[in-house]
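Chemist: Next up is a structure, given as structure tokens.
The values are calculated or read from the model by the stated rules, or taken from the named source; none is laboratory data. These numbers were taken from a predicted model, which means no experiment stands behind them. Reconstructed Cβ throughout: ideal geometry from the backbone, glycine too, with neighbour counts over all protein chains shown. SASA here: full protein model, heavy atoms, side chains in, ligands and nucleic acids out. Shrake-Rupley method; radii C 1.70, N 1.55, O 1.52, S 1.80 Å.
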Amino acid sequence: MARIAFIGLGNMGGGMAANLAKAGHDVRAFDLSGEALDKAKKAGCLPAEDANAAILGAEAVITMLPAGRHVEAVYTDSILPHADAGAILIDCSTIDVATARRVAVAAGAHGLTAVDAPVSGGIAAASAGTLTFMVGGSEAAFSRAETFLLDMGKAVIHAGAGGAGQAAKICNNMMLGATMVATCESFALAEKLGLDLQKLYDIASVSSGQSWSITSYCPVPGVGPETPADRDYQGGFAAALMLKDLKLALEAAASVDADTPMAARAGELYETFVNGEGATLDFSGIIKMLKG
Ligand code: NAD
């Protein structure tokens, strides 16, 4: 079993660090929040005084932080100067592709090996250990990271070179944002046309309108499997995080001159939703706004 540094013990990182401890690893955990550190301690991790203390002597350094600026700061101030030469650096946060590539290059310049490994799956999957990881880095770096990622997830996929994990993540979530909006507006229209919404689910989920947004995450209460819609859109994947990911996708699209009109519209709709009633709701709650 390995000594692992885990930095960023929030909604996602807390469950992930707990699963590494459960798998028998010696997890040195750090977060700026004392409450998060206490929870990690209860879950079997050893709270560290600061990031540097967590990193010293670790075979793997895992980060799960809010955004690119946090990742770059932690890498610059703590990880690059303090990580062991043989350590594998794994950033699981969702961040912009440009920062992910910069961090990988900076790690290389320090003689360190890094991968970007963002996740698909929310808080429940993080605590159940059923996340999907999409990994960017060399073949050798991927194999080293995979061992640790498998203790936190059900699928670990090598997406390509450094930054490819983040590229895969934002392309996936760009599809998800657009299909969720399309699913919600279809149900809103069906209701106005007097169609039984269960019938639309039964038909569309086995027809060409089928997508994960309808079959696994139906935005209508009482229809399909249990989803946040059945809990008044509480829990699940926050609309604010969907907005974050759409912005990252649009930023990446602009950087390579890609035309993404559906993502742009989905981004506008999520911005309106998050600035209003959707501030604390799951992303499928956008159906409330689309119904008017
Ligand atoms: P969160 O805000 O709950 O947790 C982030 C944690 O990082 C906080 O506990 C914060 O105190 C800590 N932190 C910030 N700066 C730090 C620093 N310098 N040193 C140590 N700790 C620091 O966020 P989350 O929901 O856990 O999400 C983490 C990442 O995972 C984000 O990039 C997010 O986009 C991504 N993600 C989240 C979900 C989800 O459903 N929540 C799903 C997929 C991906």
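Chemist: Is it the case that some residue within the stretch 221-230 is of a type in the set (S, T, N, Q), surrounded by 15 or more Cβ atoms within 10 Å (Cβ to Cβ) and not assigned by TED's automatic domain parsing to the domain that holds residue 101?
Modeler: yes
Chemist: Scan 197, 290, 246 and give me the residue that is under 30 Å from residue 65 (Cβ atoms) and not small (Gly, Ala, Ser).
Modeler: 246 is the lone residue from the list that is under 30 Å from residue 65 (Cβ atoms) and not small (Gly, Ala, Ser).
Chemist: Next up: Filter the stretch 95-115 for residues that are within 11 Å of the ligand (Cβ to nearest atom) and open to solvent by less than 20 Å² (accessible area, probe 1.4 Å) and give the result.
Modeler: Correct list: 95 only.
Chemist: Let me ask something else about it. Name every residue in the stretch 93-123 that is out of contact with any strand residue (DSSP E or B) (no Cβ under 7 Å at 6 or more places or on another chain) and either of a type outside the set (A, V, I, L, M) or not assigned by TED's automatic domain parsing to the domain that holds residue 136 (or both), in order of residue number.
Modeler: 94, 96, 99, 101, 102, 108, 110, 111, 122
Chemist: Still on this structure, please answer the following. Quick one: is residue 89 closer than 20 Å to residue 13 by Cα, in contact (Cβ under 8 Å) with a residue 12 or more places away in the chain and either assigned to a loop (DSSP other than H, G, I, E, B) or open to solvent by 30 Å² or more (accessible area, probe 1.4 Å) (or both)?
Modeler: The answer is no for residue 89.
Chemist: Separate question: Does at least one position in the stretch 86-93 carry a residue that is at pLDDT below 95 and not polar (S, T, N, Q)?
Modeler: Within the stretch 86-93, one or more residues are at pLDDT below 95 and not polar (S, T, N, Q).
Chemist: Does residue 284 qualify as being under 13 Å from residue 176 (Cβ atoms), within 16 Å of the ligand (Cβ to nearest atom) and out of contact with any helix residue (DSSP H, G or I) (no Cβ under 8 Å at 6 or more places or on another chain)?
Modeler: no
Chemist: While we're here: Within the stretch 147-170, track down each residue that is part of a helix (DSSP H, G or I) and buried (at least 18 other Cβ atoms within 10 Å of the Cβ).
Modeler: Once the filter is applied, which keeps residues that are part of a helix (DSSP H, G or I) and buried (at least 18 other Cβ atoms within 10 Å of the Cβ), the stretch 147-170 yields 148, 149, 164, 165, 166, 167, 168, 169, 170.
Chemist: Still on this structure: When the residues of the stretch 235-272 are narrowed to those that are open to solvent by less than 80 Å² (accessible area, probe 1.4 Å) and not in a helix (DSSP H, G or I), which ends up nearest to the ligand (Cβ to nearest atom)?
Modeler: Per the criteria, the residue is 237.
Chemist: In the stretch 49-67, how many are more than 23 Å from residue 135 (Cβ to Cβ) and more than 10 Å from the ligand (Cβ to nearest atom)?
Modeler: Residues meeting the conditions: 5.
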